[in-house]
Amino acid sequence: MAHAELDRLQACLNLALDTFRKEMDKSQLPPLSQHSSVEHPLDDPTTYLPSTALFEARRLSLACLGELKNLIQPPLDKRLDEKYTAYVVASTDILIKTDIIDYLSGVPNPSEGAPATELASAFELDSHKLVPILRCCAANGWVRETRDSSFALNRCSRTFIKGHPGRRLNLSTPRFMSLVSVMPRWVTESDWKLSRSPAQTAFQIAYKTPLKLFSWVMENPQALVRISDHLQLFGDMSTPSIAADYPWEQLETPVIVDCGGGKGGLVSAILDAHPSLRGIVQDTENVVALTSTKMKEHRPRDVENGTLTVEAHNFFQPQPRIGNEYSFIMRHIMHNWPDEEAAVILGNVVSALGPKSKILIVDMVTVPNLDSTATTSTNSFLLDGDAKRPDYSIQSHFGSASQLVNTLSMHMLTMMNGCERSLPEWEKLVKGCGLRITNVYPLRAHTSIIECALDS
């Protein structure tokens, strides 16, 4: 009896894992282990950039695993998994907000952890509630149950320790659960169900406010700190790849302008890798005040000699840097906004372009989830170019490995009526602003660089 889909996925997974293992050895990386008491270099994309083959092999492995689960798991189990995923989020939140994560990182024997009764006593909690919470985390790979009702950190959960990147991502959006819960009503029943305005979204319903997201954030300083920290880290995850994977030496403009550049991390990384360039960081007045201080502390020579400039600019206003001297970066800006607002933002930059200027849109490019006949070859990176091996393949959208792209698109939708765009949608947007896409550079990250120039 033929099991075509099962056999294809199993063969593809085996090949991807073999390549993953080989590339790890080639890069002299330690073996992966959930029992490790230290984080692995691959755990933090802000500090370690894997080889292209390692990045692709990992992505393909995850895609195969997800598609195998979709193929094998009973649909009712799958639905229950999805429905109760919110409890996993809530459980990890509890471990972080109570500082149980930090407590477990400091116990005398981290590999053994601590009994739930000890944790309950230390944090004045009920062990009857705490054990199911910890077991929920353990079942989802966030902690280990070392013996009955005793728990220890694993490698993954170490990212939640204070000062580690996962801590910043986890405590980002207040009232997130409320936002998710009102989405079905917003889409199907509300007076705004046909609206594409960023002022008429699930966000306004959940937060009981007439304000758009960013206006609300500015009026809520506590949320501002957390959300800006989250956005910075989300950007930092792609920074090493942006600096390494785009051909910056081919730019015909000597100055790059990072629109909405935040604290200047991206420009700093680019200048470090390509010192012949000069950089300008633009953001709102309240942000650039902090950025300017930070750059003067960390890059005083660049600030003094004019290699790096920090200036206030609202991208809904005309771009003041005009002409052939400048190319522009727009990272994680366009996906926040519906097409009408996105065209205004883009149009303000287009008006400033010279013939040699580029606009580099750093955002996700979605691939339509067509069907199993739309496949992508593994030949481009797997093993050593053995021409005789079978051409195993998987959906071009990488199946479950593209889940983050699609769920983030949902988040942009509920918050601002924005979305992640497919390549045809990007082409339509930029063409309407007088641009053409000159190239798309895939990154060793979830994002790509969409390079645009004036459409002459």
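The values are calculated or read from the model by the stated rules, or taken from the named source; none is laboratory data. Small disclaimer: the values here were computed from a predicted structure and weren't measured. Ideal geometry is used to build each Cβ from the backbone, glycine not excepted, and the neighbour counts take in all protein chains shown.
Quick notes on this one:
- Test for P108: is it in the same structural domain as K162 (by TED's automatic domain parsing) and more than 22 Å from C136 (Cα to Cα): yes
- Pairing residues of the range 10-32 that are at negative phi and of a type in the set (G, A, S) with residues that are at pLDDT 95 or above and surrounded by fewer than 14 Cβ atoms within 10 Å (Cβ to Cβ), at Cβ distances under 8 Å and at least 6 apart in sequence or on separate chains, gives no pairs at all.
- Test: A120 is among the small types (G, A, S) and in a strand (DSSP E or B): no
- Filter result (part of a helix (DSSP H, G or I), crowded, with 20+ Cβ neighbours inside 10 Å and at pLDDT 95 or above) within the range 5-54: T19, F20, E23, M24, L54
- Candidates G113, G66: the one that is under 15 Å from A138 (Cβ atoms) and crowded, with 16+ Cβ neighbours inside 10 Å is G113.
- Note on the range 249-282: residues that are touching a His at 6+ places or on another chain (Cβ under 8 Å) and closer than 19 Å to G306 by Cβ total 2.
- Any hit, the range 194-212, residues being under 18 Å from T46 (Cβ atoms) and exposed (fewer than 14 other Cβ atoms within 10 Å of the Cβ): no
- Listed by first and then second residue, the pairs linking a residue in the range 234-260 that is farther than 30 Å from L169 by Cβ to a residue that is of a type in the set (S, T, N, Q), with Cβ atoms under 7 Å apart and 6 or more places separating them unless they lie on different chains, are L251/S327; T253/N324; T253/S327; T253/S357.
- Pair list, Cβ < 7 Å and 6+ apart or interchain, from the range 295-309 residues that are closer than 12 Å to R278 by Cα and in the same structural domain as S276 (by TED's automatic domain parsing) to residues that are in a helix (DSSP H, G or I) and not β-branched (V, I, T): D302/L271; V303/M295; V303/K296; T307/L271; L308/L271; L308/M295; L308/D302
- When the criteria are applied in full, A152 meets the requirement of being modelled with pLDDT of 95 or more and surrounded by 20 or more Cβ atoms within 10 Å (Cβ to Cβ).
- Residues of the range 288-319 that turn out to be more than 18 Å from K263 (Cβ to Cβ) and surrounded by 14 or more Cβ atoms within 10 Å (Cβ to Cβ), as a count: 1
- Of all residues in the range 86-117 being in a helix (DSSP H, G or I) and over 30 Å from the mean Cα position of the chain (by Cα), the one that is nearest to F176 (Cα to Cα): A116
- Residue match in the range 363-374 (condition: at pLDDT 90 or above, within 19 Å of the chain's Cα centre (by Cα) and on the phi > 0 side of the Ramachandran plot): no
- Checking I101, I133, I94 one by one, the residue that is closer than 21 Å to R168 by Cβ and free of Cβ contacts under 8 Å to residues at least 60 places away in the same chain is I94 and no other.
- Across the range 157-181, the number of residues qualifying as over 18 Å from L408 (Cα atoms) and surrounded by 15 or more Cβ atoms within 10 Å (Cβ to Cβ) comes to 8.
- E124 being free of Cβ contacts under 8 Å to residues at least 24 places away in the same chain and surrounded by 17 or more Cβ atoms within 10 Å (Cβ to Cβ): no
- Hey, T46 closer than 23 Å to T159 by Cβ and of a type outside the set (A, V, I, L, M) or not: yes
- Selected residue (criterion: nearest to T414 (Cα to Cα)) from residues of the range 182-219 that are part of a loop (DSSP other than H, G, I, E, B) and touching a residue at least 40 places away in the same chain (Cβ under 8 Å): T201
- Scanning the range 283-299 for residues that are touching a helix residue (DSSP H, G or I) at 6+ places or on another chain (Cβ under 7 Å) and more than 25 Å from Q317 (Cα to Cα) turns up K296, R299.
- Within the range 135-149, the set of residues being buried (at least 16 other Cβ atoms within 10 Å of the Cβ) and in a helix (DSSP H, G or I) comprises R135, C136, C137, A138.
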